[in-house]
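Okay, structure first, notes after.
The values are calculated or read from the model by the stated rules, or taken from the named source; none is laboratory data. Only a predicted model underlies this, so the values are computations on that prediction, with no experimental measurement involved. Surface areas here come from the heavy atoms of the whole protein model, side chains and all, with no ligands, DNA or RNA. Shrake-Rupley method; radii C 1.70, N 1.55, O 1.52, S 1.80 Å.
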Amino acid sequence: QFEPVESGGGLVHPGGSLRLSCAVSKFTGGLYTIGWFRQAPGKEREGVACITNGPGTPYYEDSVKGRFTISRDGAENTVYLQMNNLKPEDTAVYYCGLRRTSSCTVVFGPLGDYGADTWGKGTLVTVSS
């Protein structure tokens, strides 16, 4: 029942890079996915990328393919979002969501519901000159 905790947000220039972290409780067991989502002021939350702690394939939204990379550490307690070539339209509060499922396709993509069982409180990313 513990919330994931995001960190790493801040101010970056267009074209710059930033790495976000999502810390998952060490007491979390079983298979799950971590999804990165973002929400800009006045807009609804949208998906960014997803990774599982099992053998499933990561998922990326078209808007970030080739620029963002999602990964996890060996201990599977932290998930990272490496963001390169940042654009002003990437400005948003970024959230990670824990979902108790074995596949990112349950959460993201054509058949995904873009939900989570537990949400973090978010970290702000601002891309501006």
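Of all the C-alpha pairs in the range 1-75, what % are more than 14 Å from each other?
Of all Cα-Cα distances in the range 1-75, 69 percent exceed 14 Å.
Sequence-distant contacts, meaning Cα pairs under 8 Å at least 6 residues apart, place the relative contact order of the chain at 36 percent.
With a 1.4 Å probe and every protein chain kept in, tell me what percent of the accessible surface of the chain is carbon plus sulfur. Could the numbers behind the result be given before it?
Numbers: 3410 of 6670 Å².
Answer for the chain: carbon and sulfur cover 51 percent of the accessible area.
Counting only lysines at least 8 places from LYS65 when in the same chain, those with an alpha carbon closer than 28 Å to its own are LYS43, LYS87, LYS121. Here the Gaussian network model covers the chain, with springs between Cα atoms less than 10 Å apart; of GLY97, GLY112, GLY47, GLY112 fluctuates the most. Stokes-Einstein diffusion of the chain at 25 °C, 0.890 mPa s viscosity, Kirkwood radius from Cα pairs, rounded to a whole number: 170 µm²/s.
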